[in-house]
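Here's the structure, in structure tokens; my notes come after.
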Amino acid sequence: MKIEFTLNQQPIAVDVDPMQTLLMTLRQDCGLTASKEGCNEGECGACSVLVNGQLVNACLLPIAQVSGNHVQTLEGLRQTEKGQCVINALLEAKGVQCGFCSPGMVLALYVLLEQHPQPTEQQVRTALSGNLCRCTGYSMIVDAAFIAATKGAGLW
Ligand code: FES
Ligand code: FES
């Protein structure tokens, strides 16, 4: 079935099983591998993408439900000033170790700062609550939110 949507600002059409997940479509049919397959059950956030600006788990979303919507991935976000601001903050805070969770963390921090340009620690921790990290203990990722808020002041 042909499914049309917008991917990182560009119109795209894919011909796939309508029940195939957005995650598999991105990775197998679109060549975008930043979003990772972790739990495949909606628990870890490694597969995070934005759909119409909302953070979603791409492993749970059939591609048919994406028809007509706008999907953003890390590959697209890194081309923007805001996305690069978050990536730089995560690197500066040493919030990237193995990197498996990092694309999802960038997207979660991006959505947080869009909603709360000067977030509280509670707001940061709530925003990250759907994204698991086995390496960092989270404190460096929390630090990254504040670095991005400070260095990106005026962007958000
Ligand atoms: S792979 Fe989607 S939430 Fe874990
Ligand atoms: S940096 Fe390894 S899982 Fe987060």
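The values are calculated or read from the model by the stated rules, or taken from the named source; none is laboratory data. These figures come from a predicted structure and were not determined experimentally. Counting neighbours? That spans all protein chains shown, and the Cβs are built from the backbone with ideal geometry, glycine included.
Can you tell me which of (1) over 27 Å from residue 41 (Cβ atoms); (2) touching a Lys or Arg at 6+ places or on another chain (Cβ under 6 Å) is the one residue 154 doesn't meet?
Result: residue 154 passes all but (2).
Within segment 131-142, can one find any residue that is without any contact (Cβ under 8 Å) to a residue 60 or more places away in the chain, in contact with a strand residue (DSSP E or B) (Cβ under 9 Å, 6 or more places away or on another chain) and either part of a helix (DSSP H, G or I) or hydroxyl-bearing (Ser, Thr, Tyr) (or both)?
no
Can you tell me which of 71, 16, 49 is of a type outside the set (Gly, Ala, Ser), over 30 Å from residue 142 (Cβ atoms) and surrounded by 14 or more Cβ atoms within 10 Å (Cβ to Cβ)?
The conditions single out 16.
Just checking, does segment 133-140 include any residue being away from ligand 1 (no atom under 16 Å from the Cβ), under 17 Å from the mean Cα position of the chain (by Cα) and surrounded by fewer than 22 Cβ atoms within 10 Å (Cβ to Cβ)?
Yes - at least one qualifying residue is present in segment 133-140.
Which of the residues that make up segment 73-98 are closer than 22 Å to residue 113 by Cβ and within 16 Å of ligand 1 (Cβ to nearest atom)?
73, 74
Cβ-Cβ under 6 Å, sequence separation 6+ or interchain: first residue in segment 92-108 and farther than 17 Å from residue 75 by Cα, partner surrounded by fewer than 24 Cβ atoms within 10 Å (Cβ to Cβ) and polar (S, T, N, Q). Which pairs?
Going by the 6 Å Cβ cut-off, the qualifying pairs are 95/136; 97/136.
Just one of 82, 36 is within 14 Å of residue 131 (Cα to Cα) and among the basic types (Lys, Arg); which is it?
Criteria check complete, one pass: 36.
Give the residue that is nearest to residue 56 (Cα to Cα), with candidates limited to residues of segment 109-130 that are small (Gly, Ala, Ser) and either touching a Pro at 6+ places or on another chain (Cβ under 9 Å) or touching a residue at least 60 places away in the same chain (Cβ under 8 Å) (or both).
130
Looking at segment 28-76 only, could you name the residues that are among the charged types (D, E, K, R) and either closer than 15 Å to residue 101 by Cβ or modelled with pLDDT under 95 (or both)?
Across segment 28-76, the qualifying residues are 36, 37, 43.
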